[in-house]
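Asks: Dropping a structure here in structure tokens format, bear with me for questions.
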Amino acid sequence: MSVPEALLPTACATPPVRFERGQREVFCGLTGIVWLHRKIQDAFFLVVGSRTCAHLLQSAAGVMIFAEPRFGTAILEERDLAGLADANEELDRIVGRLLERRPDIRMLFLVGSCPSEVIKLDLGRAAQRLDRAHAPGVRVLSYSGSGIETTFTEGEDACLAALVPAMPQASAAQETQLLVVGALAEIVEDQFRRIFAELGLRNVAFLPPRRAGELPPVGPNTKVLLAQPFLSATVAVLERRGAHRIPALFPLGAEGTTGWIRAVANAFGIAAARVTAVTEAGERRAQRALEGLREELAGKRIFMFPDSQLEVPLARFLSRELDMQPIEIGTPYLNRDLLSAELALLPAGVPIVEGQDVEAQLDRCRAARPDLTLCGLGLANPLEAEGLATKWSIELCFTPIHGYDQAADLAGLFSRPLARRARLRV
Ligand code: SF4
């Protein structure tokens, strides 16, 4: 017996999407380091960039220099930028010194930036060279976090895609593996591990792993379950290694989490009764926790600027579980394939806008006077000054928001700015 159709992705017409091209107002992919360095505990992220990159990381992460953080910036000086110094030689020296001083590092990411791309520093080749030089103790990989044509969640996508070639090959005889892909808070990962164990799944792995030496194998017996919607590049390289993606909702809110788990159960042929037994307590707990918040948020109009690529699943959660009214859903990129189940559950008629023309969007937002605006940090302060309540979309990546027990925390991110504004009015 397999799982019933409820909450499984269905083939349906995609709602109309408008494209916009113009000035963009988003953080670059370096920002992903702020949550990724906490996740892979023996990795180090070395940005090869400018002082601007170093300042961005330092202020976004809010880490004291003396705290020995697991990220840093190799600053390209004017001599490097002008091509007067051999940047590769300097990089080798910096990496050598770093690894000598920090023997705890097992994986080193060289992270490209706008300046390293502009001077065409080939970090892929540098990583191969350094990998050979520091094997077997340290694995050296590279990816780009540059702000040229990327948004901040693409940094995580690029990092995870860089990990895939380093994953061992799974043997054809291996038991089918569930591979959950996307950085999750450890507490959330543990909750999902328990749920999958209760479903009877024995071979479950997470990417990224907590330690560099725990990279799971991948192969034709791997079924990929995305925890985040912005991982298009990672899925593509996993599929090239033979893995198959399980189409699913994303685990935001009670409905999203149940839909996510049911999709797994269906892919593994797990009995419907067992799935209900495993999910019903968590789903009820989440629904109860959302009740009070729904009273606060029902009917409130929300305008979403394109920023995190989480906007579509969020709009589904906010409209269906909290009765909020999305009036525009902006997203930097829309992968219709990865988001097909989500798009099918959006309220009819809400404009979905892919890409960004920030001035035009600001005009529409001001004209609509939404109760709440989801946007990047750069837009939030001016909009607040104009009397609009805002929520920073980057908080969605720093806060545990996935799963049943985080559903109320996710809703709370949207209710708090409204409550604060109401208090200011008194
Ligand atoms: Fe700025 Fe580019 Fe560095 Fe990001 S990578 S901080 S956008 S210079």
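The values are calculated or read from the model by the stated rules, or taken from the named source; none is laboratory data. Since the structure is predicted, the reported quantities are computational estimates derived from the model, not experimental observations. Note that we place each Cβ from the backbone using ideal geometry, even for glycine, and neighbour counts take in every protein chain shown.
Asks: Is it true that residue 188 is of a type in the set (Val, Ile, Thr), closer than 22 Å to residue 279 by Cβ, outside the structural domain of residue 396 (by TED's automatic domain parsing) and in contact with a helix residue (DSSP H, G or I) (Cβ under 6 Å, 6 or more places away or on another chain)?
Replies: No: the conditions fail for residue 188.
Asks: Criterion first (of a type outside the set (Val, Ile, Thr) and either assigned to a helix (DSSP H, G or I) or within 23 Å of residue 419 (Cα to Cα) (or both)) does residue 348 satisfy it?
Replies: no
Asks: Right, here's the next one. Which one of the conditions (1) among the aromatic types (Phe, Trp, Tyr); (2) in the same structural domain as residue 234 (by TED's automatic domain parsing); (3) not in a helix (DSSP H, G or I) does residue 143 fail to meet, given that it meets all the rest?
Replies: Unmet condition: (2).
Asks: Right, another one. Do the conditions hold for residue 298, that is, is it within 24 Å of residue 365 (Cα to Cα), among the small types (Gly, Ala, Ser), under 18 Å from the mean Cα position of the chain (by Cα) and modelled with pLDDT of 95 or more? It would help to see each step written out before you state the result.
Replies: Values: within 24 Å of residue 365 (Cα to Cα): yes; among the small types (Gly, Ala, Ser): yes; under 18 Å from the mean Cα position of the chain (by Cα): no; modelled with pLDDT of 95 or more: yes.
Answer is no for this residue.
Asks: Go over the candidates 93, 129 one by one and state the one that is more than 15 Å from the ligand (Cβ to nearest atom), exposed (fewer than 14 other Cβ atoms within 10 Å of the Cβ) and either part of a helix (DSSP H, G or I) or modelled with pLDDT of 90 or more (or both).
Replies: Answer to the selection: 93.
Asks: I've got another one for you. Of everything in region 100-126 that's aliphatic (A, V, I, L, M) and at pLDDT below 95, which residue is nearest to the ligand (Cβ to nearest atom)?
Replies: 118
Asks: Scan region 383-415 for residues that are among the charged types (D, E, K, R) and closer than 17 Å to residue 321 by Cβ and jot them down.
Replies: 391, 405, 409
Asks: Mind listing whichever residues of region 38-51 are out of contact with any Asp or Glu (no Cβ under 7 Å at 6 or more places or on another chain) and modelled with pLDDT of 90 or more?
Replies: Quick first cut of region 38-51, residues out of contact with any Asp or Glu (no Cβ under 7 Å at 6 or more places or on another chain) only: 38-41, 43-51.
Answer for region 38-51, where residues must be out of contact with any Asp or Glu (no Cβ under 7 Å at 6 or more places or on another chain) and modelled with pLDDT of 90 or more: 39, 40, 41, 43, 44, 45, 46, 47, 48, 49, 50, 51.
Asks: Now for a different question. Among the residues of region 346-360, is any closer than 26 Å to residue 189 by Cβ and in contact (Cβ under 8 Å) with a residue 60 or more places away in the chain? Full working, then the answer.
Replies: To start, the set of residues in region 346-360 that are closer than 26 Å to residue 189 by Cβ comprises none.
No; the residues of region 346-360 include none that is closer than 26 Å to residue 189 by Cβ and in contact (Cβ under 8 Å) with a residue 60 or more places away in the chain.
Asks: List every residue pair whose Cβ atoms sit under 6 Å apart, with the two residues 6 or more apart in sequence or on different chains, where the first one lies in region 97-126 and is assigned by TED's automatic domain parsing to the domain that holds residue 76 and without any contact (Cβ under 8 Å) to a residue 60 or more places away in the chain and the second, anywhere, is of a type outside the set (A, V, I, L, M, F, W, C) and within 16 Å of the ligand (Cβ to nearest atom).
Replies: Going by the 6 Å Cβ cut-off, the qualifying pairs are 117/146; 124/142.
Asks: Given the structure, is residue 30 within 15 Å of the ligand (Cβ to nearest atom), in a helix (DSSP H, G or I), among the hydrophobic types (A, V, I, L, M, F, W, C) and at pLDDT below 90?
Replies: No: the conditions fail for residue 30.
Asks: Scan region 151-172 and tell me whether some residue there is in a loop (DSSP other than H, G, I, E, B) and within 16 Å of the ligand (Cβ to nearest atom).
Replies: To start, the set of residues in region 151-172 that are in a loop (DSSP other than H, G, I, E, B) comprises 151, 167-168, 170-172.
Filter again for within 16 Å of the ligand (Cβ to nearest atom), leaving 151.
Taking every residue of region 151-172 in turn, at least one turns out to be in a loop (DSSP other than H, G, I, E, B) and within 16 Å of the ligand (Cβ to nearest atom).
Asks: Can you tell me how many residues in region 17-27 are among the β-branched types (Val, Ile, Thr) and within 11 Å of the ligand (Cβ to nearest atom)?
Replies: 1
Asks: Whether any residue in region 65-74 is surrounded by fewer than 13 Cβ atoms within 10 Å (Cβ to Cβ), farther than 30 Å from residue 341 by Cα and either acidic (Asp, Glu) or at pLDDT 90 or above (or both) is what I want to check. Before the answer, list the steps.
Replies: Pass one, region 65-74, residues surrounded by fewer than 13 Cβ atoms within 10 Å (Cβ to Cβ): 65-68.
Okay, now just the ones that are also farther than 30 Å from residue 341 by Cα, so 65-68.
So of that shortlist, the ones also either acidic (Asp, Glu) or at pLDDT 90 or above (or both) come out as 68.
The answer is yes; a qualifying residue exists.
Asks: Further question: Of everything in region 369-426 that's in a loop (DSSP other than H, G, I, E, B) and β-branched (Val, Ile, Thr), which residue is farthest from the chain's Cα centre (by Cα)?
Replies: Across region 369-426, the extreme among qualifying residues is 426.
Asks: For region 218-307, please list each of the helices (runs of 4 or more DSSP H) lying entirely inside it that holds at least 1 residues being touching a Lys or Arg at 6+ places or on another chain (Cβ under 9 Å), among the hydroxyl-bearing types (Ser, Thr, Tyr) and in contact (Cβ under 8 Å) with a residue 60 or more places away in the chain.
Replies: In region 218-307, the matching helices (runs of 4 or more DSSP H) lie at 272-297.
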